[in-house]
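Data first, discussion second: the structure below is written as structure tokens.
The values are calculated or read from the model by the stated rules, or taken from the named source; none is laboratory data. Here the structure is a predicted model, which means the values were calculated and not measured. As a convention, Cβ positions derive from the backbone with ideal geometry for all residues, glycine included, and neighbour counts pool all protein chains shown.
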Amino acid sequence: MGRKKSLKLAEVDYLPNVFSYSLGNIEERLLKYLAKDRPFVLELGCGRGDYSIKLAERNPEKNFVGVDIRGARIWNGSKKAEELRLKNVAFVISRAEFLTEIFKKIKFEEIWIPFPDPFPKKRSTNRRLIAPGFLERYSKITLPGAKIHLKTDDEGLYNYALEVLTEKNVEIINNYHNLYANDNLNFEESIKTKYEEQHLKEGKTIKLISFKLR
């Protein structure tokens, strides 16, 4: 591990807008940091928090929570949010499997899942963030009618998502196999993460599926 990454990991748990699963009481601490009476939006597998930060800038009336297991990446998002003086965005260091343990009171009106690990091997299917087990978790931490968005460059994950959503009889709102071939994208759909910029430079096609669980 490099020195810079080690320093980030030593500091990240104690940044004011970061809440680590290992320190417990995440939801209680989040509700003290963020305004309770605002709608909540979740970015899952947030990395540097590109979506959370850009959405928080544009929507000061909402709260944005980015969740990722990698503390060094969250450190970057935390520092960027502080630099921009954003008080409506926070970050949680945790595995996605713990979502229902963490969020008992907070219910999200929207979830963004930008470029998650596709876990291409068959034995890792249940680790995909669009797998049935995760859809069940999302149903427990969202409001009725909540929107969920999956953004990916991976053809296998995209096809798997469509298969799962069809089997679950989920309402698909938008389905773009080639997102940027469309001229009428809204601001949220057109946000580009660091990894997305890299994928586009490599000539990859970006896919987006937006849906409602109920």
(request) Can you give me the number of residues within the stretch 60-98 that are of a type outside the set (D, E, K, R), over 26 Å from Ile130 (Cα atoms) and in a loop (DSSP other than H, G, I, E, B)? (result) 4
(message) Among the listed residues Leu42, Leu84, identify the single one that is over 17 Å from Lys8 (Cα atoms), in contact with an Asp or Glu (Cβ under 8 Å, 6 or more places away or on another chain) and loosely packed, with under 15 Cβ neighbours inside 10 Å.
(response) Leu84
(message) So if I check each of Arg85, Arg29, which one is in contact with a strand residue (DSSP E or B) (Cβ under 8 Å, 6 or more places away or on another chain), without any contact (Cβ under 8 Å) to a residue 24 or more places away in the chain and either over 21 Å from Ile148 (Cβ atoms) or not hydroxyl-bearing (Ser, Thr, Tyr) (or both)?
(response) Arg29
(message) So the check is Cβ under 6 Å with 6+ separation or different chains; which pairs have a first residue in the stretch 37-52 that's on the phi < 0 side of the Ramachandran plot and a second one that's part of a strand (DSSP E or B) and among the charged types (D, E, K, R)?
(response) Pro39/Glu109; Val41/Glu110; Cys46/Asp68; Tyr51/Glu43; Ser52/Glu43
(message) If I filter the stretch 193-201 for residues that are in a loop (DSSP other than H, G, I, E, B) and either modelled with pLDDT of 95 or more or of a type in the set (A, V, I, L, M, F, W, C) (or both), do I get at least one hit?
(response) no
(request) May I ask you to list pairs of residues, at least six apart or on different chains, whose Cβ atoms are under 8 Å apart, with the first in the stretch 171-183 being over 17 Å from Glu197 (Cα atoms) and the second being loosely packed, with under 14 Cβ neighbours inside 10 Å? (result) Tyr176/Asn182
(request) Show the residue pairs that are 6+ apart or on different chains and have beta-carbon atoms under 7 Å apart, the first residue being within the stretch 143-166 and closer than 30 Å to Arg38 by Cα and touching a residue at least 60 places away in the same chain (Cβ under 8 Å), the second being part of a strand (DSSP E or B) and among the hydroxyl-bearing types (Ser, Thr, Tyr). (result) Lys147/Ser210; His149/Ser210
(message) I'd like the full set of residues that are touching a residue at least 12 places away in the same chain (Cβ under 8 Å) and more than 14 Å from the chain's Cα centre (by Cα), limited to the stretch 101-117.
(response) Ile102, Phe103, Lys104, Lys105, Ile106, Lys107
(message) Take residues that are crowded, with 20+ Cβ neighbours inside 10 Å and tell me which of the strands (runs of 3 or more DSSP E) falling wholly in the stretch 99-186 contain 2 or more.
(response) 108-114, 142-152
(request) Scan the stretch 187-214 residue by residue and report those that are surrounded by fewer than 15 Cβ atoms within 10 Å (Cβ to Cβ) and basic (Lys, Arg). (result) Lys194, Lys201, Lys204, Lys212, Arg214
